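A short worksheet on the structure shown next.
The values are calculated or read from the model by the stated rules, or taken from the named source; none is laboratory data. The model shown is predicted, which means the values in this text are computed figures rather than measured ones. With ideal geometry, Cβ positions are generated from the backbone for all residues, glycine too; neighbour counts draw on all protein chains shown.
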Amino acid sequence: MAKSTSSDTGVPAFDTQGHRGARGLAPENSLPAMLKAVELGVTTLEMDAHISRDGQVLLSHEPFINAEHELLATGEDIPKQDAAKYILYQLPYNHIKAFDTGSKFYAKFPKQQLQKTYKPLLSEVIDSVQQYIHQHQLQQVFYNIETKSAPDGDGKYHPAPEEFVDLIMAVIKEKDILPYVIIQSFDPRTLEVLHSKYPAVKTALLVENMHGLDKNLARLSFTPTIYSPYYKLVTPAMVAATQRLGIKLIPWTVNDLQDMKRLKTMGVDGIISDYPNLFQEL
């Protein structure tokens with residue numbers, strides 16, 4: 001069963017997105033976090049994609065194993081001198097999967113339910129979520145997938161933009177979920193590849209700078225489906241401008257209920273949050 005969507009863009013009328021699944025409640029970018037967000041009723045699962053040495057698309061925010069909240073396969077802490085040693089693009093996926101990404105207490109998110117888990121493949125996430133939706137007779141969720149790329153990372157932390165996009169799109173096409181996919185990025189290069197090669201895919205431009213709407217949109221040769229700025233950058237003028245342009249405005253990452261209410265009243269088209277449980281109070 002499809003969600004209520006807006007007629008012009010095909011995205012939820014008001015899009016409640018679980019950031020990295022439900023990072024405030026479960027280990028980020030993990031299967032438990034994604035299923036928790038679905039259980040809480042989000043319309044969209046937000047996640048970060050990286051590529052392993054053997055070309056597998058997996059979920060991770062950093063391009064390496066993060067010593068701040070992830071552990072060695074033995075369950076031991078990663079030594080400080082090795083903090084950026086385990087680069088995902090330089091490791092085969094079976095090596096990456098061995099790290100424990102859910103058992104270490106993460107001070108920034110003390111409400112996380114700790115559990116031993118790992119960095120899953122995008123294909124595995126889609127399979128698990130679709131099965132959960134079917135079993136519990138829930139409405140279809142969207143998948144907002146970020147390409148974690150930047151020009152200075154090409155060949156070191158990730159493949160070049162076209163290969164990166166092609167690898168992600170191969171999974172999406174195999175799983176037959178294209179109508180429910182958004183590809184987002186801070187890197188206009190990957191969005192340009194999408195617009196050129198896969199024009200049916202919805203796109204979101206992520207922004208955290210002070211350059212303003214017009215200058216940021218000018219970095220693209222086309223108009224994205226969604227403009228997604230850091231939430232403190234949102235103003236009534238930005239809301240009005242995106243409405244005139246027919247672009248959805250979905251800010252990140254909003255973790256305070258009062259901020260959520262203020263932004264919704266202002267007229268944004270959705271909210272990305274580490275605490276999708278708060279959406280039930282909107």
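Here are a few things to note about the model shown:
- Of the residues making up segment 108-135, those that are touching a residue at least 12 places away in the same chain (Cβ under 8 Å) and part of a helix (DSSP H, G or I) are 122, 123, 124, 125, 126, 127, 128, 129, 130, 132, 133.
- Residues satisfying the stated conditions in segment 61-78, i.e. surrounded by fewer than 18 Cβ atoms within 10 Å (Cβ to Cβ) and among the aliphatic types (A, V, I, L, M): 72, 73
- Residue 63 touching a residue at least 40 places away in the same chain (Cβ under 8 Å) and on the phi < 0 side of the Ramachandran plot: yes
- Some residue of segment 70-85 being more than 23 Å from residue 186 (Cβ to Cβ), acidic (Asp, Glu) and part of a loop (DSSP other than H, G, I, E, B): yes
- Filter result (free of Cβ contacts under 8 Å to residues at least 12 places away in the same chain, of a type outside the set (Lys, Arg) and closer than 18 Å to residue 125 by Cα) within segment 173-199: 176
- Scan of segment 79-90 for residues that are modelled with pLDDT of 95 or more and either over 22 Å from residue 20 (Cα atoms) or surrounded by fewer than 13 Cβ atoms within 10 Å (Cβ to Cβ) (or both), ordered by number: 90
- Identity of the residue in segment 141-164, touching a residue at least 60 places away in the same chain (Cβ under 8 Å) and closer than 10 Å to residue 187 by Cβ, that ends up surrounded by the fewest Cβ atoms within 10 Å (Cβ to Cβ): 153
- Within segment 88-107, the residues that satisfy the criterion of being part of a loop (DSSP other than H, G, I, E, B) and not β-branched (Val, Ile, Thr) are 91, 92, 97, 98, 99, 102, 103, 104, 105, 106, 107.
- Picking from residues in segment 204-255 that are part of a strand (DSSP E or B) and of a type in the set (A, V, I, L, M), the one that is surrounded by the most Cβ atoms within 10 Å (Cβ to Cβ) is 204.
- Of all residues making up segment 67-93, the number that are among the polar types (S, T, N, Q) and over 14 Å from residue 117 (Cα atoms): 2
- Members of segment 99-140 found to be surrounded by 13 or more Cβ atoms within 10 Å (Cβ to Cβ) and hydrophobic (A, V, I, L, M, F, W, C), listed by number: 99, 109, 114, 121, 122, 125, 126, 129, 133, 138
- Residue within segment 157-177 that is of a type in the set (Phe, Trp, Tyr) and touching a Pro at 6+ places or on another chain (Cβ under 9 Å) present: yes
- Residue, farthest from residue 251 (Cα to Cα), within segment 22-39, restricted to residues that are touching a Leu at 6+ places or on another chain (Cβ under 6 Å) and not aliphatic (A, V, I, L, M): 36
- Qualifying residues in segment 256-277 (those that are touching a Ser or Thr at 6+ places or on another chain (Cβ under 9 Å) and not in a loop (DSSP other than H, G, I, E, B)) - the one surrounded by the fewest Cβ atoms within 10 Å (Cβ to Cβ): 266
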